[in-house]
Structures are given as structure tokens and as C-alpha cells.
Amino acid sequence: MTGREIRLLDAAAIRHAILDGRSVKHRSHYVAKAIKEDPDKFLPAFEGVEPSPSLRIAPDWCGYCDERTRQMELHDNTVARCPACHPLAAKKPAS
């Protein structure tokens, strides 16, 4: 849809950023419209152009979790978002 390949983690972070705090009936249509109307606001830079660190969607991989999913297995054999590098876990405010 965007004309370029986007990593799954970035796509999830983009969707989360667009829908954050909004209750919409047709989520996929809402996200598609937002991207179509302002692609530079939501999409990562084109391949070969490194965005500034403040515009990166997914943080650099920490090296400890699964690189593709950015999730890690906990001691009780459950899986959770990596607190160091999962794009959604990293955006949670500190408590």
C-alpha cells in the first residue's frame, strides 16, 4: 500500500501511533487514510536514507531479545515485549 517495504515492528508502531487514544469503527481504513494523507508524518525514511534518531520508529535492537519480534521469554515461560527495544514497550511512560 505504501509503495515500499516496512518492517513489521515499524508497521505495528505506526498503527499504534495513528490509533493512540482514538476509538474508531474501521481501524484499518482510518490508518490507511492517515498514511495516504500525510505519509512523511508516519512512514520511515526511504531505504538508504537514515532518519534522525528522534524520528526512528523502532529502537535499535538490544541484542538480548528475539530480533524479529522484539519479545523475550520470561522465567515463567511467558512471553513479553522487550522493555529495552520493543517500539511499544519503549514508549510507555515511566511509573
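The values are calculated or read from the model by the stated rules, or taken from the named source; none is laboratory data. Source: prediction; values computed, not measured. Virtual Cβ from ideal backbone geometry, glycine too; neighbours counted across all protein chains shown.
Those helices (runs of 4 or more DSSP H) of region 1-78 in which at least 3 residues are within 23 Å of Ala89 (Cβ to Cβ) and modelled with pLDDT under 80, considering only elements entirely within it, cover 8-19. For Pro87, the stated conditions hold: it is surrounded by 11 or more Cβ atoms within 10 Å (Cβ to Cβ), at pLDDT below 80 and touching a Lys or Arg at 6+ places or on another chain (Cβ under 8 Å).
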